[in-house]
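> Here it is, the structure in full.
The values are calculated or read from the model by the stated rules, or taken from the named source; none is laboratory data. Predicted model only: the values in this text are computed from it and were never measured. Note: ideal-geometry Cβ built from the backbone for every residue, glycine included; neighbour counts use all protein chains shown.
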Amino acid sequence: MISARDLAAQVRGGADAAVATRAALDSIERQRELGAFLHVDREGALAQAHALNERRRSGVPLGALAGVPVAVKDLLATRDAPTTCASKILTRDGRLETGWRAPYDATVVERLRAADAILIGKTNLDEFAMGSSNENSGFFPVHNPWDPAHAPGGSSGGSAASVAAGSSCLALGTDTGGSIRQPAAFCGVVGLKPSYGRVSRYGLVAFASSLDVIGPIANDVADAALLFDVIAGADARDSTCTTAPLVPCFNVESQVPRGLRVGIPAEYFQSGLDPQVESAVRRAAQRLEAAGASLVPISLPHTRYGVATYYLIATAEASSNLARFDGVRFGMRVEAPGSDLAQLYAKSRGNGFGREVKRRIMLGTYALSAGYYDAYYKRAQQARALIVQDFQAAFAQVDVLLTPVSPTPAFKLGEKTDDPLTMYLADVYTLPASLAGLPAISLPCGFTAGTANAPALPIGCQLIADSMQEPVLFRAAKALEGLLADLQTSLCPARAQSPLSMLTNSDVARGVGG
Ligand code: GLN
């Protein structure tokens with residue numbers, strides 16, 4: 001499959017922007033059963049491509065993502081498509097077609113347009129990004145492109161599945177506690193959670209405002225860096241978005257691992273870790289070492305408080321953020337004749353929100369309520385500070401940390417839906433970096449063995465760097481990706497249905513395909 005960077009270079013140089021757009025639209029059409037997309041506008045996407053061709057003909061130089069089909073998680077506001085957050089509460093009557101229309105674009109969407117990307121569609125997710133499997137979507141689940149019986153991960157499962165299946169070249173996801181990294185690992189693609197505050201959250205529907213980050217999902221590290229450079233950077237409309245200087249990452253050299261100090265945190269390799277995942281991550285560490293990196297044993301002693309801390313803070317913030325969905329201002333309004341305002345709120349929220357979202361609103365409201373605040377919310381903030389300190393001590397010794405992304409490869413759809421706690425516990429390796437606001441990237445590092453009736457599934461590893469050190473992270477990630485290249489032997493079965501994934505550089509140059 002052509003890379004996003006090569007495609008953009010070709011389109012800038014004169015190739016027809018509609019070729020890849022058409023191929024992506026056909027791929028999405030053929031892969032409908034994956035459930036990755038909530039909204040696709042074929043005419044609209046082709047019109048974007050034709051407009052690019054026109055602009056280039058009139059002599060305007062095109063941008064960094066010229067003609068590249070990019071899928072956008074449906075938690076981000078887009079003015080030309082519905083924004084539902086995969087929740088019925090953002091529809092008039094429970095149907096996708098009646099989804100809420102934002103009157104504006106999120107900053108990241110504006111930047112995609114300014115870079116001449118093709119916005120190919122809005123991707124499915126767990127309702128309001130609450131979940132790790134995409135089964136909490138208010139509409140339909142997403143299936144893993146490697147094996148449809150398995151979950152793609154969540155909450156950015158639609159975005160990860162779309163890239164893995166070859167329905168788009170790139171995708172935007174959001175990550176509050178792992179929602180970019182874990183689906184990237186389950187689907188065998190690259191996913192970056194940038195540092196908190198590196199990317200504007202303006203136009204991102206808030207889940208937990210002190211944790212939410214938008215980031216790229218891509219087929220490889222260089223394409224992830226390309227998209228990161230487009231979306232990152234200060235924004236006057238988000239006061240939590242840093243004005244610290246932004247170092248572009250696309251051109252960072254792969255670090256020769258010689259001299260790279262890689263921390264291996266003991267707490268990430270304890271009981272509960274699947275042996276196949278453990279050996280794949282340890283192999284990645286060994287290859288770094290063989291190439292000259294030094295492996296440094298690290299302890300992050302407060303890791304074990306990560307799950308409890310996250311599920312208190314995230315639910316507390318969610319209970320406040322989701323108060324705005326009240327049946328009056330947005331979407332669904334359920335009103336019985338003669339009912340008062342309180343009944344309108346109760347009925348609209350009762351009908352509009354799904355089970356997991358209601359569970360979190362109740363948990364968060366409880367944690368914040370008078371009498372419990374000190375025991376739960378305040379303690380969680382204290383534990384968060386300790387987790388931050390653990391990382392600070394680690395980064396005094398090492399450049400990056402190497403860990404698993406998830407304790408297991410993709411699990412089966414339905415396997416964990418009856419037990420929310422088991423689902424929460426599986427986020428154990430992604431939550432601490434979120435609580436500390438650190439940049440972290442998920443990279444494919446091998447496959448499970450697979451059997452005659454169980455196909456091999458991808459395994460991911462995670463690199464974590466200190467805050468705002470994305471260049472360090474990308475250098476290490478490029479190096480590791482190179483050292484693991486021989487392991488990417490399996491081809492995602494869903495790609496066989498994807499005209500976009502067949503598209504080569506010369507097809508694009510000749511204007512054929514799709
Ligand atoms: N799985 C975590 C949760 O359910 C993280 C979700 C996310 O990052 N949006 O909250």
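> Starting from the range 422-450, keep only residues that are over 19 Å from Leu401 (Cβ atoms), then list their pairs with residues that are among the charged types (D, E, K, R) whose Cβ atoms are within a distance under 6 Å, requiring at least 6 positions of separation or different chains.
Thr422/Lys416; Met423/Lys416
> Restrict the check to the range 383-393 and report whether at least one residue is away from the ligand (no atom under 14 Å from the Cβ), part of a loop (DSSP other than H, G, I, E, B) and over 16 Å from Thr309 (Cβ atoms).
no
> Can I ask one more? Only one of (1) hydrophobic (A, V, I, L, M, F, W, C); (2) out of contact with any helix residue (DSSP H, G or I) (no Cβ under 6 Å at 6 or more places or on another chain); (3) closer than 29 Å to Val19 by Cβ; (4) buried (at least 19 other Cβ atoms within 10 Å of the Cβ) is not met by Ala64, so which one is it?
Just one mismatch for Ala64, condition (2).
> Kindly evaluate Ala129 against the criterion of being modelled with pLDDT of 95 or more, surrounded by fewer than 24 Cβ atoms within 10 Å (Cβ to Cβ), among the small types (Gly, Ala, Ser) and under 18 Å from Arg201 (Cα atoms).
On the way: modelled with pLDDT of 95 or more: yes; surrounded by fewer than 24 Cβ atoms within 10 Å (Cβ to Cβ): no; among the small types (Gly, Ala, Ser): yes; under 18 Å from Arg201 (Cα atoms): yes.
Against the criterion (modelled with pLDDT of 95 or more, surrounded by fewer than 24 Cβ atoms within 10 Å (Cβ to Cβ), among the small types (Gly, Ala, Ser) and under 18 Å from Arg201 (Cα atoms)), Ala129 does not qualify.
> In the range 23-43, what residues are in a helix (DSSP H, G or I) and buried (at least 21 other Cβ atoms within 10 Å of the Cβ)?
Ala23, Ala24, Leu25, Ser27, Ile28, Leu34
> Here's something else I'd like to know. Pairs under 6 Å by beta carbon, first residue over 15 Å from Glu317 (Cβ atoms) and surrounded by 13 or more Cβ atoms within 10 Å (Cβ to Cβ) in the range 367-386, partner hydroxyl-bearing (Ser, Thr, Tyr) and at pLDDT 95 or above, six or more apart or different chains?
Once the first residue is over 15 Å from Glu317 (Cβ atoms) and surrounded by 13 or more Cβ atoms within 10 Å (Cβ to Cβ) and sits in the range 367-386, its partners that are hydroxyl-bearing (Ser, Thr, Tyr) and at pLDDT 95 or above give Ala383/Tyr305; Ala383/Thr309.
> Right, next: Tally time: how many residues in the range 434-450 are assigned to a loop (DSSP other than H, G, I, E, B) and among the hydrophobic types (A, V, I, L, M, F, W, C)?
3
> Same structure again: Against the conditions (1) at pLDDT 95 or above; (2) away from the ligand (no atom under 16 Å from the Cβ); (3) buried (at least 22 other Cβ atoms within 10 Å of the Cβ); (4) of a type outside the set (Gly, Ala, Ser), where does Met332 fall short? Just the number, please.
(1)
> Is there any pair with a first residue in the range 260-272 that is free of Cβ contacts under 8 Å to residues at least 40 places away in the same chain and a second that is assigned to a loop (DSSP other than H, G, I, E, B) and surrounded by fewer than 22 Cβ atoms within 10 Å (Cβ to Cβ) whose Cβ atoms are under 8 Å apart and which are 6 or more apart or on different chains, and what are they?
Cβ pairs passing all conditions: Ala266/Ser299; Glu267/Ser299.
> To continue, here is another question. Answer yes or no as to whether Leu500 is crowded, with 23+ Cβ neighbours inside 10 Å and of a type in the set (A, V, I, L, M).
yes
> Do we find a residue being at negative phi, touching a Pro at 6+ places or on another chain (Cβ under 7 Å) and part of a helix (DSSP H, G or I) anywhere in the range 395-417?
So far as the range 395-417 goes, no, none of its residues is at negative phi, touching a Pro at 6+ places or on another chain (Cβ under 7 Å) and part of a helix (DSSP H, G or I).
> Is one or more of the residues making up the range 392-401 among the polar types (S, T, N, Q), touching a residue at least 40 places away in the same chain (Cβ under 8 Å), touching a Lys or Arg at 6+ places or on another chain (Cβ under 6 Å) and more than 23 Å from Trp146 (Cβ to Cβ)?
Checked the range 392-401: no residue is among the polar types (S, T, N, Q), touching a residue at least 40 places away in the same chain (Cβ under 8 Å), touching a Lys or Arg at 6+ places or on another chain (Cβ under 6 Å) and more than 23 Å from Trp146 (Cβ to Cβ).
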